[in-house]
Amino acid sequence: MSESVALNPNSAWTGGKSPFGVSYGKLMMWVFLLSDAFTFSSLLVTYGCNRYLSGGSEIKWPHPDQVFNHFPGIHGVDMLGPGSGLPLLFVSLMTFILIFSSVTMVLAVEAGSRKHRNDVAFYMFLTIIGGIAFLSCQAWEWTQFIQGSHEGSKFLVNGEKIYGANLFLNEYGPAAFAGLFFIVTGFHGFHVLSGVVLNVIIYVNVIKGTYDKRGHYEMIEKVGLYWHFVDLVWVFVFTFFYLI
Amino acid sequence: MEHTDNTEHTEHHEGHGISKKAIWRTFGILSFLTVVDFAIFFNMDGTMSRNMIFVALGIIKSYYIVGIFMHMNYEVKRLAGIILLPFGFILGLIAALLYEGDRWSVIKWFVE
């Protein structure tokens, strides 16, 4: 009874070990990404429900390939028959830009595991450029969407045609079409923007040698998780808004 | 502060196994799947089965992004579980809510 039981030094109860095998920071980044996935899921469900709900109304939900058929600098080219434009070409470019920036991000993480500062800096720089390119493309897409077309809406509201789009009315279809487009792509774009800001901060730290001093490049992995999440969300936003 | 730094350092694995070759190979797979997306979009009519194919392709892409780019395949299984199991529930919820949305459109028409 008076004996004390020595703790096995390898036991998990002696502390200093994460049950998940990763550091606190990385685990919390994963948990944050899970919560963000919930938020985006709820937005996409809202999109689905609104689209189903508009099935019976007079103003029909438009086909995405008839709305998103522009490409900067190319006019008058029709891919699938007269008036069809270049459907989904620009958004496929945006998807490739984001996937490629994800690849450069993983390459930065891989260089970090080799503690190769110059490679990390080079790939982080490419990732930042990719992010800025994506945001520029998205800004152009929004401008096109807001300006609208020459012909205006195919339906009348209060006896008048609508031109362009805003959060209340749009020339393409029901109000929810433009509203959801702005909210969901805008929320995603906000994530890309914050990702670019984080990447710039980490890039500066890489150049300064902060991670060499620290002894590990784990921060690159953490910020990489965030960037890949942004890419993953884009895969689904692009599927739901442009393909389905 | 000291303890946290220690923990971070001991927990950090030194680049387990992801080679540049694997990274570029995954990029190739993701690009190919995106091209398949577009091929199906332009060559198939807009039905529910086509939508299901798009969602399935999205899930396959997620496997590669989460598993390889985000390193999940190399992590402890418990970590994968704690992230993917709740999201599995969310997927069920999404399916249920979309089904409900379809029903609501019927009820809305009926009421109006």
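For the structure I just gave you, tell me whether A:Ile146 is under 26 Å from A:Ser42 (Cα atoms), in contact with a strand residue (DSSP E or B) (Cβ under 7 Å, 6 or more places away or on another chain) and outside any loop (DSSP other than H, G, I, E, B). Answer is yes for this residue. Residue-level check: of (1) of a type in the set (A, V, I, L, M); (2) touching a residue at least 12 places away in the same chain (Cβ under 8 Å); (3) away from every other protein chain (no Cβ under 11 Å), A:Val77 misses just (2).
Residues in the stretch B:42-77 that are modelled with pLDDT of 90 or more, more than 30 Å from A:Ala108 (Cβ to Cβ) and among the charged types (D, E, K, R): 1 in all. Pairing residues of the stretch A:134-159 that are in contact (Cβ under 8 Å) with a residue 24 or more places away in the chain with residues that are surrounded by fewer than 11 Cβ atoms within 10 Å (Cβ to Cβ), at Cβ distances under 8 Å and at least 6 apart in sequence or on separate chains, gives A:Phe155/A:Glu58. I want to confirm something. Restricting to the stretch A:171-187 and keeping residues that are under 25 Å from A:Val235 (Cα atoms) and of a type outside the set (A, V, I, L, M, F, W, C), which single residue is surrounded by the fewest Cβ atoms within 10 Å (Cβ to Cβ)? Out of the qualifying residues, it is A:Gly186. Would it be correct to say that A:Gly25 is modelled with pLDDT of 85 or more, surrounded by 14 or more Cβ atoms within 10 Å (Cβ to Cβ), at the interface with another protein chain (Cβ under 9 Å from one of its Cβ atoms) and within 30 Å of B:Tyr74 (Cα to Cα)? So A:Gly25 fits the description; yes.
For the stretch A:101-151, what are the residues that are of a type in the set (Val, Ile, Thr) and within 14 Å of chain B (Cβ to nearest Cβ)? Selection gives A:Val103, A:Thr104, A:Val106, A:Val109, A:Val120, A:Thr127.
The values are calculated or read from the model by the stated rules, or taken from the named source; none is laboratory data. From a predicted model like this one, the values you see are computed outputs, not experimental measurements. Note: ideal-geometry Cβ built from the backbone for every residue, glycine included; neighbour counts use all protein chains shown.
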